[in-house]
1. Spot the failing condition for G107; the list is (1) surrounded by 18 or more Cβ atoms within 10 Å (Cβ to Cβ); (2) closer than 19 Å to R83 by Cβ; (3) more than 16 Å from the chain's Cα centre (by Cα), and only one is missed.
2. Being open to solvent by 70 Å² or more (accessible area, probe 1.4 Å) and in a loop (DSSP other than H, G, I, E, B) is the filter here, so list the residues in the stretch 79-97 that pass it.
3. Condition test on T64, is it more than 30 Å from A149 (Cβ to Cβ) and in a helix (DSSP H, G or I)?
4. Within the set of pairs 6+ apart or on separate chains, which have a first residue in the stretch 154-175 that is over 17 Å from R101 (Cβ atoms), a second that is open to solvent by 60 Å² or more (accessible area, probe 1.4 Å) and β-branched (V, I, T), and C-beta atoms under 7 Å apart?
5. Do we have any residue at all in the stretch 3-12 that's touching a residue at least 24 places away in the same chain (Cβ under 8 Å), assigned to a helix (DSSP H, G or I) and either closer than 25 Å to N181 by Cβ or not β-branched (V, I, T) (or both)?
6. Those residues that are farther than 17 Å from G107 by Cα and open to solvent by 40 Å² or more (accessible area, probe 1.4 Å), I need them from the stretch 58-78; list them, please.
7. If a residue must be among the aromatic types (F, W, Y), open to solvent by less than 30 Å² (accessible area, probe 1.4 Å) and closer than 27 Å to T58 by Cα, how many such residues does the stretch 124-162 contain?
8. Taking the stretch 112-123 as the search range and keeping residues that are of a type outside the set (G, A, S) and either in contact with a Phe, Trp or Tyr (Cβ under 9 Å, 6 or more places away or on another chain) or more than 18 Å from P84 (Cα to Cα) (or both), which one is surrounded by the most Cβ atoms within 10 Å (Cβ to Cβ)?
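The values are calculated or read from the model by the stated rules, or taken from the named source; none is laboratory data. From a predicted model like this one, the values you see are computed outputs, not experimental measurements. Quick reminder, even Gly has a Cβ in these numbers, built from the backbone with ideal geometry, and neighbours come from all protein chains shown. Note: areas computed on protein heavy atoms with side chains; ligands, DNA, RNA excluded. Shrake-Rupley method; radii C 1.70, N 1.55, O 1.52, S 1.80 Å.
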Amino acid sequence: MSAAKPDGRTARARATRARVTAAATELFVAAGYGATSVNAIAARAGVGEQTVYYAFGTKRALLTAALDVAVAGDDEPIPTLERPWVREALAEPDPVEQIRRQVEGAGAIHLRAAALLDVVRSAAASDPDLAEVWADNVDRRLTVQRVFAEALAAKGALREELTVEDAADIALASLAPETYNLLVTGRGWPHARWQRWTTGALVHHLTTRACRNGASAFV
């Protein structure tokens, strides 16, 4: 039996969603969430306003979809913990290499999503809907960091004075988009420098192991 042909309408709908989320991301980052209208997003994407509402329902839902795509790098419904880079990092027997891969993966997300996450964080203080979106994002990140901390503990590499929850909190703060934006966007650090520093800091604070690159990992 021959393979079924792709549904043309489904492909077109997916392409439309991709255009709309890309347009929304660009406008949210440039002008902020509150100042960006659905009409402006529709115009940038080259579709009608009703098409946006039909595809996403609300502006908040559109922001959430755009954020999911930015974090994942695609629109596939695959949770972060099931992504190949996470699985590979967790399977790494060397705790230092696990952390290096963990930071590399988080860095790739920041390159795509840090600016949009800053939009959500900034608007959350005055918008209850976005406060909920931001809290959910923090909870998701903490869940991921908890799994990484559990992996370090299972490898016997976690500092004795730290619980898994302590380690997850430290990683959450170190890998936070706020920290990334402060150092890379605000202070002009190259992305690679942030990656080296964060790797060294996490190895130092979470484990009993020495970073392979020694002190150079902190600069």
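1. Here G107 meets the rest and fails (3).
2. Scanning the stretch 79-97 gives a single hit, P93.
3. no
4. That search, which allows pairs on different chains as well, returns R159/T208.
5. no
6. Residues satisfying the conditions are T58, K59, R60, T64, D75, E76, P77, I78.
7. Selection size over the stretch 124-162: 0.
8. Taking the candidates together, the pick is L117.
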